[in-house]
Every structure is written in C-alpha cells, then in structure tokens.
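> One structure, as structure tokens, below. Some questions next.
The values are calculated or read from the model by the stated rules, or taken from the named source; none is laboratory data. The structure presented is a predicted model; accordingly, all values stated were derived computationally and were not measured. Counting neighbours? That spans all protein chains shown, and the Cβs are built from the backbone with ideal geometry, glycine included. Note: areas computed on protein heavy atoms with side chains; ligands, DNA, RNA excluded. Shrake-Rupley method; radii C 1.70, N 1.55, O 1.52, S 1.80 Å.
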Amino acid sequence: MKASAGGYARANNLSHAIELLALSDGMGRVLAGGQSLIAAMNMRLSTGDMLVDISRVSGLSGVIDEGETLRIGALTKHVEIGAHPLIRAHAPLLADAVSFIAHAAIRNRGTIGGALAHADPAAEFPACMLALGATLHIHGPDGERSAAAEDFFEDLFETSIKEDEILTAITVPKAEADERQVLQEVARRSGDYALVGLCLVARSSGHRISLLSVASTPILARNAMTQLDQGNVDGAVAALRAEIDPPSDTQASASYRRHIAGILLRRAVAQEKGDFA
Amino acid sequence: MTVQFGNPDRPNSYIGKTVPRPNAGRLVEGRGKYVDDITLPRMVHVAFVRSPFAHAKILSIDTEDAKSVKGVLRIFTGADLAKVCTPWVAVLEHLKGLKSPPEHPMAMDRSCWVGEPVVAVVATSRAAAEDGAALVDVDYEPLPVVADMMTALDASTPVLHPEMGDNLAFQRLHEEGDVDGVFATAHKVVSAHFKTGRHTGVTLEPRSILVDWNPAEGQMTAYHATQAPHMVQTVLATHLDVPESRVRVICGDVGGSYGIKVHVYPDEVATAAISKIMARPVKFIADRLESFTTDIHARDHEIEAKIAVDANGKILAFDVDDWTAIGAYSVYPRTSAIEGNQVVNLCGGPYDFANYRAKTTVVFQNKTPTCQYRAVGHPIAVAITEGLVDMAAAEMGMDPVEIRRRNMYADDAYPVTSPANMRFEGLSHHQSMDKLMGLMDYDALRADQAEARARGVHRGIGIASFIELTNPSPFMYGIGGARISAQDGCTVRMDPDGSIVAMSGVTEQGQGTEAMLSQIVAEGVGVLPSNVRVITGDTQVTPYGGGTWASRGAGIGGEAALRSARALRDSILEVAAAMLQSDQASLDIRDGHVVDIETGAERMPLEELGRIVYFRGDTLPKGLPRELVQTRHYITSEYPFAFTNGVQASYLEVDIETGVVTLLKHWCVEDCGRIINPQLVDEQIRGGIVQGLGGALFEEIHYDDEGQLLNGSMADYLVPMAGEMPDMVVGHVETPTKESELGAKGAGEAGTAGAPAAVMNAINDALRPLGAQVTQMPFTPERILRALGAIED
Ligand SMILES: Cc1cc2nc3c(=O)[nH]c(=O)nc-3n(C[C@H](O)[C@H](O)[C@H](O)COP(=O)(O)OP(=O)(O)OC[C@H]3O[C@@H](n4cnc5c(N)ncnc54)[C@H](O)[C@@H]3O)c2cc1C
C-alpha cells in the first residue's frame, strides 16, 4: 500500500511545532522517528495526517543530570539511551530495555518520546516509565504541564497528550545506591514485541512491578508489589497472576501470558537478588 | 571426449569449484533490475479491490465515486475481463479424480476467499489506484464459510462449489503389502497425530508483473518475476488468445521465489488482460498484505500415522492418513493436489520396508489457495516418518541413530523401488549418516546433553534422514496434460572476439543459476568463466525450457549447457583443425586458446578463429561447417525423478519454564550427486534449512472461523531471522546420477525437507524425560508448555 498523507511540514522549533499542530484542524500528527507512524501510514491504518516533523527541533534531545533526577529529551533515540553513561549509571532499566527493542535500524531512528506517545502496551519504555515512577513533560499552546506515568497511559495507543500538545521530555528519579532494576521478557524472536514482559524495581521505598503486553496499557501490578514488599515471592506470583487479565492473540493465549508473567516475576526476583545470571 | 571429473587438475576445471557469481557485483552495486524498476512510456498501475469476506455473493458493484478520483483511468469487474480472458481449470489427468471449478482472473458473481480480486482500478499511479479502490463500493451477501479442514466433508458442512458435488478435491490411497496383518501382529506399534502449520514463502521481492500489449505488432511482452517464463508464455497465449510466438516473457532479477512464483495468479493474468484491453503497459506489484492473502499457502496438513517394528527395531510397516485443505480452487496449472500426493510418495522414503499404506484427502475450503512451496510435501513426509521412527526407537529403548542404521537402504542396494513405488537409482544413506556422526561428534554431544540435564538444562538431539525428489521428468506434470516443460535447452554461441554467450531456459531467482551455467559452459568450451555471458529469462531469446522448480536447474539445465558447450567446442575445433591443418583430436581449447592436447602448447587464440570465421570465411575450405552457435536440449528418460538423500541433525535447548526453544547447532549431510559449485550448494542447503526452521518454530498463517486471515504482516507472521538461527555445518557425499554426463541432481530443497523433523525430534528428545511430546508445528513456546502440562486452562 502507498501512504496517503494529508500534508507535511518541518517544525523549526518547539513553538513552531505547536503552532503547526494548532493550524492542522485536528489532523496534525507529530512525526518523530517515524518507526511506528510511517509503518501505520504505509498500511493506510492512518490516512490524511498533516505531519508535523519535529525531528530537527533542537533542545529536545539528550540526557541531563538534574541532581535527584535525569531529564531525557523526547527526541533522544533508542540507541542513545542504550549507550548513555548517565542512563547506564542512574536508570539502568532503560538502557537494558533498549536491547529488547526491535533491531538496530529501528533503534537508530526511534525516539523515546515517540515510543511513549505511541503507547503500545507491548513496548518496553512505557512499562519502564511506570516501574521507575517517571514524570512526563508536555508542551501545548498554554505552556508546559507534567503528568505522572501512572496517569499518562490511558488506553490502547492512547495517552493524556492532547491534539495540540507535544511530549518534550521525561524525568526519572536517579536510582538509589542499592536500587536494583530488572527487565525480563519472553519474545518469539529477538527484537519482537514481547509476549509478556516485566520490569522490577527494588528501592528502599518498596518494590515496583510493571508489565507489558498483558493489558491495553502497561500496568503496575500493585498486589504483587505489596506481596513482594512483605518478602513473599510465592504470594507475589499468585497475586500477579490473579490481578492481570491478558489478551489472547495469534502468538499466545491469555493463559500462557498469565503463566509466564509469574515465571518472569520469579526470574526477576532471582536476578534482582543476584542469584540468576 | 568426456570431462575427467575425477581429476581436479584437468584443464578448465571449473565444474566442482566455487567461482564468483557473475551477477553478484551488479546486485551489490544496486544495479539489479526487478520488475518494479522498469518504467515504460504510457505505463499505468493497477490496484485490486479484494474480497473482505471468505465467501460471499457479489450483489452489485458501484464504481462512480472511484472514477472521480484524480488519476483513475478505468475500472474493471470480473465480467469485463472475462470478455478477453478464458477461465482455467487446474486438474491433471494422472491425479485421478482431481476436480476444481473454472477460475477467472477476477471473481465473477461470488468471492471464495479473503483477498480474492473482485475489482481492478487502473490509474496513473499506484497511490491513485489505491485511492480509487478505497471508494469502490461492493455489495456483498456473506455466504456460509468452509474454514475447518477435518469437517469439510461432513454432511452438515455446506458444499463450496455445488456443481462439484462435494468438498473433496482429490483423494489417493496407495497400498503395498499386508498392512493390516502386520499391524495386528507386530512387536510394537507406535502412532501419533501430526500437524504442520499453514505457511507461505515470503519472498523479499513481492509478486510483480508488468504487461505491455502492443496491438500494432500483435505482441504481448510481460516483464515478470517468475520461475517459469515459458509456462507463463503458454498460459497468457492460451487464455488471452495470442500465438505463443507473440508472447514474450522477460524475467530479469527476481528477489526470491521458493515456489511462490511458479504459479498462475488471477491478479497477474488480470493485469495482462487489462493491458490487452487498454493497449497500454500495466504494472502490478503486490504489497505485503496482498502477499499474505494471495501468494499461495502451503503445508496445511493434519496426519494420523503409525509405524510397526519388530523386536530388533526393523520397520515392518507405515500407515499414514494425511489430510490437507487447499483453499477454494486448485492452483493452475500445477494443481494443489501435488503436495498431498508427495506425502504419499515420500513417507518412509529412506527405509527398506515392505508394507505401506498412505492416503491423502484434499479438500476445498474458503481460504487462500495452497500450492507448491519449496520442498513440496517433503517436510511433512519427513516429519511423519522421522517422528515415528524416533518414537519407535524411544519405545524400544534404542538409540535413534541405531534404529535408522538398521532400516536405511544399504548403500549397495540400488537400484531399488520403494513401497511407495519410487525408483531410486543410487543413494548413500549410510555413508551420509557416518559422515554426520563424525561432523557432529555424536557421542560427545550426548555427553554434553547428559551433563546439561544434570544441571537442569534440557537439551535435545534430533536426527532426520530424508530423500528429496529432483530433476523431474514429464511424469511430474506433463503426463497429466500440463504444458510445463521438463526438458530444458541451452544455446551457446562464440562471438568474433572469442567470448561466449550462453542462453538457457532455466532461470535465475537469486540462487546462482547463472554462476552454475557460466562455469559449466566455461569448462565445456574451454574458456574462463568470466568470458561467458549467461542469458536467462527471456522466452524470445532462450531455448524453450521449464525454468526453476523441483530442484532441476543444475541437473537438467546444467546438462543441456554442458552438451551445448561441448558441441560448440567440437565445432570450434573442427574449424581450428582446418585452419591449423591438424587432426581435430589432437587439439583442445584451454583458457580461450586452441592448444595441442598433449603438450598444451598454444596454437591459436579463439579471437583469431572468430576473426576468420566471421569476417574472412572466404579463406576457409568450401563446405567446412562453421556453426559457432550450438543448441542442445536435455530431458531425463530413465527415471521419473532423480532422488537425492541426506540426513540432518539439530541440537537445541528447551526452556521448560517458558517453552522457548534455542537452536544451538544444525548439521546437514546431503548427496546431490555431482557438486558443480560447492558454495552455491552450501548456500542452498543453509537457506533451505532456515526455511525449514521457520516452519518448525515460527511460521503459521492464522485464520479465524470465518476465514479471516489474522496475521497478514511481517510483524505478526514470523519468518525465521538471523538472531535465532544456529551455526550450520554442511557436509556432502557425492553419488552422481548416471543418467547424465554431468551427474548433478538437485540441492534446492534438501535443507527445507529435513530441518523441521530434526527440530521436532530434538525437542522431543529434550522433553522425553519429562514425559512430554510435541507434534504440532510450529513448536511455539505455548505448545511446548501445554505439552508439559504447565498451563492449566
Ligand atoms: C519492526 C519494528 C519492531 C519494533 N519493535 C519494538 C519493540 O520490540 N519494542 C518497542 O518498544 N518498540 C518497538 N518498535 C517501535 C519503535 O520503538 C518506535 O520507534 C517507537 O515506538 C516510536 O518512536 P518514533 O520516534 O519512531 O515515533 P513515530 O513513529 O514518529 O511516532 C509514533 C507516534 O507517536 C507520536 N509522537 C511521536 N513523538 C511525539 C512527541 N514527542 N509528542 C507527541 N506525540 C509524539 C506520533 O504522532 C505517532 O502517533 C518497533 C518498530 C518496528 C518498525
């Protein structure tokens, strides 16, 4: 199929981008790395989009150490996240996640902001945001607002970003000295979207467990978190399997996903405790 | 004079060596020319409106809105095209009872699968054609859908084609010996239920055709990504009423075929019909979704089978009940009954046993038609056979290699005729197995497996012996009435400067045919391979031939090339002998020079001979033949097929908590007769194995109960990718066929034939201590966990 775009404009800067969105009558579409959007357009799953290309907007890329937090620009590419020393030191979960995302060509173009705005429940970064307790920074005609990760993902491919807004950055808390961050997943082939994936963050305030590919959004497994805080791994596994309602598709049934979620939690706990390679 | 294959130091010894591929540089430089790279003056594009229903009556078609789209030129319905194109019926007389209704290039009043073309929109660009197609309004009345294979023949299931009487397309029962008697009294009987997943070929370049009808010349030119240009020529000529001599099919670079591009596709014939109506070049390039819904599918089989063995592990009998569903039409002109027929022909293939029953039942359903895909029927037959042999060995506590050694035909037993009535000229099962054992260090691997198991790591070794059908004679299609050539030809010409042009009826799909031909012709004439220009894929230029299918390019096309090259050599030497006043027998051609055959002393460059023949023929003796163009054809006649053999092994690890299989290593030892180019053969084996591994672990087309295809994208249909592929070790045994001087059999399908069975056996070897077994491909993580009983609901 051939894409059927409504139009294309390259934004010079952030306010220009927001202006272009406002001008496009609800048909505006931010184009970042294009690794999800262009594929959708080429299947005519999305037609008539007025593309607002933000890929050359300066100031939206890179990682800044803010003391307590890291600020990651929305246009920071997957490949940069994977290699960035600040990320590796203070948010290793994100660096680890990159090795599970797609293939080199896609990681060279795909952006973290695009992945979060796209909000694929099978994608790694959205679940990482939940596990890390990240904050998302969004710019619109009225300036900047921020949203907690837990409020950001609303439904399948839906976030709290409005038509005329742009995700500009993410802040994540820097890991504590003895904090452990682990990502476990099962995929059919390397680089495929996971059948199930699980992020586990163990910090002094407690455990955070998020899952991908088990619901229409990435989710926090709160009951399992409570059990794990009490040191009850079996209880956490049981709670986890009880609190998720995963979908069935051609790759795996809901039963398989539910079962594997428990396996991944055990593996993540073992890895977090260091007795699993 | 014959070629001294045994002597690697013979002059011009290119056969048997890895020579550079003449087309590799061009492709690497991005100068390949695929159909979509061709643009002709006044060219238009067609996009098809395809049925969204698996079965529906077409009540009305409204094209008004579509016509108003900028760039849309014309819109055609099935009825419009039926005026210039006759329908086809895909049956073969030797497949007794095979039936299929007439099929038109586009649906007439009823659509029978999701993806069947219903309306064609022609526009100045593909994008405009798609815009138009989106606005065509077809009013459908959905009809009951036949989706399930095993209930297709039940009385309660609607009959898809009422005029056919029932949903049975074809059935064949073959019986040899006293099967029931043996099963009743055998020492051990093991049975199993197998399923192979419906999958497809997934070529990198999708199906592509550009047809240019020139009414001024009465000539139709089709630029086509195809494996069989002459077959397509015949088909277009027959159904569009043009003499064959006025249909030219040109097949340039092709981005992979695997059997997908050897069939007649309704949308491609429609493109030709539209060109004939519009008198303009019309291009159709399938997109990826169209590829999944309209490229032929294959391997959708369900099998109940059993084996009987005696107390020594000697195989007494196989009994196989195979079912397959082929979609709504048998595919033209090879038919969709061949795959099931092959299962009947090939089960038990490597083994010397006496009692055999196999039945295949081929039914219609409302899904994409199935037809021949690389290694047609082989992966299914090998999985059944090798799966059962392993299960029998396990039952008897016998090593899987040992049971095979006790049953494979002895290497000196040939010629033999199998219980399936297949005739084997010469195979090397035992030598191949011995070689495999050495390559894989079987005992060390068993030790590693035991050591891993002690650590709670579950590894398995799987062995799969196989036979492969290659070099087909007219017994495959011709005797059934199909106009498909089993013969192939080659024309070899010397140009004035002594360089050589070879035109062959076999085709280049990316597998290296042209390299293979160049080295045969180089050796046959006595020139450097770089001095041989090979031309394939043009029906107006090359001798008539079959093209690429059933692993025939080297064995048939190569032999024709060798014979034509030798003939050219002889005619060159005849002229040379006259010019040099020598005895022809005392001369030879080496590296482009006429030389003294004993001493190798140079007597004359070919360039000089060419100058004299072409420009100073007056100086040669009157009446001296000077035919520097020679054509030879070759067809096998003693055996219907040249069977090859081999054995594969897989070593893998099963994560019993997640069900994920990790392939650790793969081996294949095969015997394709004379190896012309070791690298090309190894690449064929490796690529074939990859496709076999895809079938074993990843590839499966999913439909719902309404016949909707659920995974029509590369994200959802999983092809094997490099990351999951193991290292592969390829070894060879060479038993040349005596039918030809070249002695080459085919190698294109061996890898695909054996790999799925090797993986299945390895998984089951890993799972056996846990009491689990899998027999349904692909072996997904979920299927493995379910076999282990890990998932409750
Ligand atoms: C073959 C393949 C495999 C993949 N596998 C994986 C995988 O395993 N895991 C994974 O996580 N991802 C995977 N991806 C997706 C990949 O990570 C994408 O790059 C990412 O999801 C989108 O990022 P992008 O920058 O390319 O966004 P785009 O494609 O440009 O945009 C995606 C969507 O987000 C919107 N958008 C983008 N940026 C912003 C912004 N700053 N503000 C507001 N809206 C915005 C766009 O309008 C669009 O709707 C895969 C992609 C492909 C093609």
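> Residues in the range B:303-325, backbone N under 13 Å from the label point at B:H187 (7 Å along the Cα-to-beta-carbon vector): list them, ranges by number please.
Residues passing the 13 Å test: B:308-317.
> Right, next: What are the ³J(HN,Hα) couplings of the range B:616-632, residue after residue, when phi is run through the Karplus curve with 6.51, -1.76, 1.60 and θ = phi - 60°? Round to Hz, x for glycine and proline.
Each residue of the range B:616-632 in turn: 10, x, 4, 8, 8, x, 4, x, 5, x, 9, 8, 8, 10, 9, 10, 9 Hz.
> Mind jotting down the distance between the C-alpha centroids of the range A:121-197 and the range A:57-104, whole Å?
Rounded to whole Å, the Cα centres lie 12 Å apart.
> Here's a follow-up. Students often forget the sequence filter, so: which lysines lie under 17 Å Cα-Cα from A:K2 once same-chain residues fewer than 8 apart are removed?
Here the lysines satisfying the reach criterion relative to A:K2 are B:K70, B:K283.
> Give me the percent of Cα-Cα pairs in the range B:534-690 that sit more than 23 Å apart, rounded to a whole number.
Values: 7377 of 12246 pairs.
For the range B:534-690, the fraction of Cα-Cα distances above 23 Å is 60 percent.
> Share of Cα-Cα pairs in the range B:1-150 beyond 25 Å, in percent? Each step should come with its number before you reach the end.
Numbers: 6193 of 11175 pairs.
Value for the range B:1-150 (Cα pairs over 25 Å): 55 percent.
> Suppose each label sits 7 Å from its Cα in the direction of the beta carbon; what would the B:D37-B:A410 distance come out to in nanometres?
5.5 nm
> In whole Å, how far is the Cα centre of the range B:262-292 from that of the range B:1-79?
Cα centres, the range B:262-292 to the range B:1-79: 10 Å.
> Roughly how much of B:Y332 is accessible, in Å² to the nearest 10, using a 1.4 Å probe?
So the heavy atoms of B:Y332 present about 40 Å² to solvent.
> Another question, then. Report the label-to-label distance for B:L173 and B:A444 in nanometres (one decimal), using points 7 Å from each Cα along the Cα→Cβ vector.
Between B:L173 and B:A444, the simple spin-label model gives 5.2 nm.
> A further question on this structure: What figure in square angstrom, to the nearest 10, would you give for the accessible area of A:H84 with a 1.4 Å probe?
My reading of the accessible area for A:H84 is about 50 Å².
> So how much accessible area does B:H458 have, in Å² to the nearest 10, using a 1.4 Å probe?
Per-residue accessible area (B:H458): approximately 20 Å².
> OK, next. If you build the convex hull over the alpha carbons only and average its shadow over all orientations, what do you get for the range B:642-720? Give it in nm² to one decimal. Could the numbers behind the result be given before it?
On the way: hull surface 32.8 nm².
Mean orientational projected area (the range B:642-720, Cα hull): 8.2 nm².
> Rg (Å, one decimal) plus Dmax (Å, integer) for the alpha carbons of chain A?
Here Rg and the maximum Cα pair distance are 18.6, 56 Å.
> Got a sec? What order do A:F153, B:F475, B:F466 fall in by accessible area at 1.4 Å, biggest, i.e. largest, first? Intermediate results must be reported in sequence, preceding the final value.
Working: A:F153 25, B:F475 115, B:F466 0 Å².
Of A:F153, B:F475, B:F466, the descending order of accessible area is B:F475, A:F153, B:F466.
> Next question, about the same structure. Using alpha carbons only, how many angstrom separate the centre of the range B:721-793 from the centre of the range B:502-564?
A separation of 32 Å, based on Cα centres.
> Separate question: Would you list which lysines come within 18 Å of B:K188, measuring only between C-alpha atoms, while excluding same-chain residues fewer than 8 positions from it?
Here the lysines satisfying the reach criterion relative to B:K188 are B:K306, B:K314.
> Once the convex hull of the C-alpha atoms of the protein assembly as shown is built, how many Å³ does it hold per residue, rounded to a whole number?
Details: hull volume 207.4 nm³, N = 1070.
Considering the Cα atoms of the protein assembly as shown, their hull volume per residue is 194 Å³.
> Can you give the helix-only mean residue ellipticity at 222 nm for chain B, where every DSSP H stretch with n ≥ 4 adds -39500 (n - 2.57) and the sum goes over all residues, rounded to the nearest 500 deg cm²/dmol? Please list the in-between numbers first.
Working: 19 runs with 211 residues, N = 793.
It lands at -8000 deg cm²/dmol.
> As a test of the definition: which semi-axes, in Å, follow for the range A:180-272 when you take the square root of five times each eigenvalue of its alpha carbon gyration tensor? Largest first, please. Mind showing how you got there, number by number?
Details: eigenvalues 90, 38, 23 Å².
Three semi-axes, in Å: 21, 14, 11.
> Taking H as built 1.01 Å from N, whose amide H comes closer than 5 Å to the amide H of B:L587, not counting residues under 5 places away?
It is B:I597, by chain and number.
> Here's a follow-up. Against the longest alpha carbon principal axis of chain A, how many degrees, from 0 to 90 and to the nearest 10, is the axis of helix A:14-23 turned?
That helix lies at roughly 70 degrees to the long axis.
> Further question on the same structure: Set the bar at 25 Å for Cα to Cα. Now go through B:K195/B:K367; B:K67/B:K367; B:K17/B:K435; B:K261/B:K738 and name every pair that lies beyond it. Don't jump to the answer; show the numbers that get you there.
Values: B:K195/B:K367 18 Å; B:K67/B:K367 30 Å; B:K17/B:K435 21 Å; B:K261/B:K738 31 Å.
Checking Cα-Cα distances, B:K67/B:K367; B:K261/B:K738 exceed 25 Å.
> I've got another one for you. Please give the FRET efficiency for A:A254 paired with A:A148, using the beta carbon to beta carbon distance and R0 = 22 Å, rounded to the nearest 0.05. Intermediate values should be presented prior to the final figure.
Working: r = 29 Å, r/R0 = 1.30.
That pair, A:A254 with A:A148, gives E of 0.15.
> Also, I was wondering about something else. Of A:L136, A:F125, A:A95, which is farthest on the positive side of the dipole of the range A:63-173, counting Cα position, with +1 on Lys and Arg Cβ, -1 on Asp and Glu Cβ, and the Cα centre as origin?
Going by the Cα projections, it comes out as A:A95.
> Then there's this: Return the Rg/Rh value of the range B:99-170, two decimal places, where both radii are evaluated on C-alpha atoms and Rh is the Kirkwood radius.
That ratio is 1.08, to two decimals.
> What value in Å³ per residue do you get for the convex hull of the alpha-carbon atoms in chain B? Intermediate results must be reported in sequence, preceding the final value.
On the way: hull volume 134.5 nm³, N = 793.
Output value, Cα hull per residue: 170 Å³.
> Can you tell me what percent of all Cα-Cα pairs in the range A:5-53 are more than 17 Å apart? Each step should come with its number before you reach the end.
Details: 328 of 1176 pairs.
The answer is 28 percent, as a whole percent.
> Still on this model: Find, to one decimal place in angstroms, the Kirkwood hydrodynamic radius of the range B:603-666, where the mean of 1/r is taken over every pair of different Cα atoms and then inverted.
For the range B:603-666, inverting the mean 1/r across all distinct Cα pairs yields 19.0 Å.
> Please list B:F48, B:F53 from largest to smallest accessible area, probe radius 1.4 Å, with all protein chains kept in place. If you can, show how the numbers build up before the last one.
Working: B:F48 20, B:F53 70 Å².
Sorted descending by solvent-accessible area, the residues read B:F53, B:F48.
> If you take the alpha carbon radius of gyration of the range B:692-759 and divide it by 2.2 N^0.38 Å, what ratio comes out, to two decimals? Provide the component values of the computation, followed by the final result.
Values: Rg = 17.7 Å, N = 68, 2.2 N^0.38 = 10.9 Å.
Taking the Cα Rg and dividing by 2.2 N^0.38 Å, one obtains 1.62.
> Between A:S4 and B:S125, what is the spin-label point distance in nm, taking each point 7 Å from the Cα along the Cα→C-beta axis?
1.3 nm
> Translational D (Stokes-Einstein, µm²/s) of the range B:423-511 at 25 °C and 0.890 mPa s when Rh comes from the Kirkwood sum over C-alpha pairs?
Using the Kirkwood radius from Cα pairs, D works out to 130 µm²/s.
> Shifting gears a bit: Once you have a ≥ b ≥ c as the square roots of the Cα gyration tensor eigenvalues for the range B:575-636, tell me rounded if a/c is under 1.5, and otherwise prolate or oblate according to whether a/b is larger than b/c. Walk me through the numbers before you get to the answer.
On the way: a/c = 1.70, a/b = 1.07, b/c = 1.60.
In terms of gyration-tensor shape, oblate.
> I'd like to verify something in chain B: which complete DSSP H helices, judged by Cα projection on the helix axis, reach 24 Å or more and average at least -0.5 on the Kyte-Doolittle scale?
Values: long enough: B:378-396 (27 Å, 0.93); B:558-580 (32 Å, 0.54); B:750-767 (26 Å, 0.74).
Within chain B the helices that satisfy the rule are B:378-396, B:558-580, B:750-767.
> Treating the range A:63-173 as a set of equal point scatterers at the Cα positions, no solvent, please give the Debye-formula log₁₀ I(q)/I(0) at q = 0.11, 0.12, 0.19 Å⁻¹.
Debye output, listed in q order: -0.30, -0.36, -0.94.
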